[in-house]
Amino acid sequence: MMFNTETLWKYSFKTTQNKTEWWDNGVLPLWITAQRQGRKTASFHYPGGGAKYQGEAVQRSLVESYTHPNGNETEWRQNIDIVMNWFTKEDFDFVTLYYGEPDNVGHLYGPDTEKRRAMIQQIDRTIGYLLEAIGRHSLTEHLNVIITSDHGMTTMKKKPNITEILLSNYISFKDLVQFDIVDYGGFGMLLPKPGQEEAVYQALKNAHPHLNVYKKEEFPERFHFAKHERVLPIVMYADSGYSISGRIILYFNKGDHGFDNVYMDMKTIFRAFGPDFKKNHLAEPFDSIHIYPLMCKLLGVTPEPHNGSLAVTQEMLVDTYDQQTGAEMKRASALQNTAIGLTVVTGVLVVLFVASVTFTVFCRKKMQRADQNSTSEPVRMTGL
Ligand SMILES: [Zn+2]
């Protein structure tokens, strides 16, 4: 949900896809950074790929229409073939490919359902097709692939099993609230009317045993969330499975995300393979912010300022992955001599499936071990 408290506009993310003013917020996406350093990049249905950043568009971008179906397996395969051709016939260096499943089915039916399991099987077949396509296009030795997502999914709790959170039981929206982001699941924000912030906070802070309400400046630091100017003065999140409704209960999702990222259900997946990745390597859990410097490393580009650390993710790369200048020098020479093409340049394909569930059991086992050893932080990221 994109919003602007000055205009009181709210837009779902898909309706903002080609509207630069909603995306160009000063952060430079990797496509643009890589392009500026001589790489050829493309976005296939990837969120944000349709906007311009500092006046610059992604070299090639296919944008999902608002009504684009999420789950058409035949189209998924066609998309893979198109991307393979971009690498083989047009020398792209970096392509991001996005699928809106199993997020869609997870919301509609819930994560622990037959429909969701069937969608996970469809994704599994698609990854099989991707591997086959990479081989068919002779890209096995030239393409690094990262498969990840941006959040997990949990089953929502409903009445009569629980008492649902309805804010109008505790505050008058008409009298106290100027603008709100509620009714979207387990997270919410309020802009109180002038002078009403304390009244709203006091009325809500102990209102429901599964609702956590904060003034913006007191929101827990571990979320790395509340400092942005567009974050509203009252920030709240519900315990796992509870939705936050505003005036009336409009919410109907059976599954959702956006809860505290300490919950195992909110974790996501990360898989990577290709010539620069170790084989059968099991990484410790990590925060998704560390993928960015890894991608920059693989592309041989200098990152923008960021909060990730390459030290966390580069253990996945083969030991010979340079003493790294080697690969970058090879890449630089390839760029100077485009005729060398794919025989030297290693492309990077990022496939993003939104939300995961299939690897939960695996992750849980690993997480417990990590917890006992008090080692690294789990993968965590709140979603779109
Ligand atoms: Zn979602």
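We did not get these values from a lab; they are worked out from the coordinates using the rules stated. Computed from a prediction, not measured in an experiment: that's the story for all the values here. Virtual Cβ from ideal backbone geometry, glycine too; neighbours counted across all protein chains shown.
Odds and ends about this structure:
- Ranked for footprinting exposure by Cβ neighbours inside 10 Å, fewest first, 289, 162, 171, 248 give 248, 162, 289, 171.
- Cross-link partners of residue 115 among lysines (Cα-Cα below 22 Å; sequence separation of 8 or more within a chain): 157, 158, 254, 267
- Net lengthening on full extension, residue 309/residue 263 (0.36 nm per residue, minus Cα-Cα): 14.3 nm
- Under 17 Å from residue 89, Cα to Cα: aspartates and glutamates that are on another chain or at least 8 residues apart: 81, 141
- Under 5 Å, built H, 5+ apart or other chain: amide partners of residue 178: 191, 193
- Residue 37 paired with residue 132, simple spin-label distance in nm, labels 7 Å along Cα-to-beta-carbon: 3.6 nm
- Amide H within-cut-off set for residue 92, under 5 Å, with H built and near neighbours excluded: 87
- Mean separation of Cα contacts under 8 Å, 6 or more apart, over the residue count of the range 165-252: relative contact order %: 42 percent
- Each of 265, 175, 260 has some number of other Cβ atoms within 10 Å of its Cβ, and from fewest to most they run 175, 260, 265.
- Using a Förster distance of 30 Å, the FRET efficiency for residue 141-residue 70 (Cβ separation, nearest 0.05): 0.40
- For the range 25-136, the equivalent ellipsoid derived from the Cα gyration tensor has semi-axes of 28, 19, 10 Å, listed largest first.
- For residue 97, residues with placed amide H under 5 Å, excluding near neighbours: 44, 350, 351, 352
- From least to most packed, judged by other beta carbons within 10 angstrom and beginning with the fewest, 245, 168 follow the order 168, 245.
- In summary, the aspartates and glutamates within cross-link reach of residue 14, defined as a Cα separation below 17 angstrom excluding same-chain residues under 8 places away, comprise 24, 64, 101, 103, 150.
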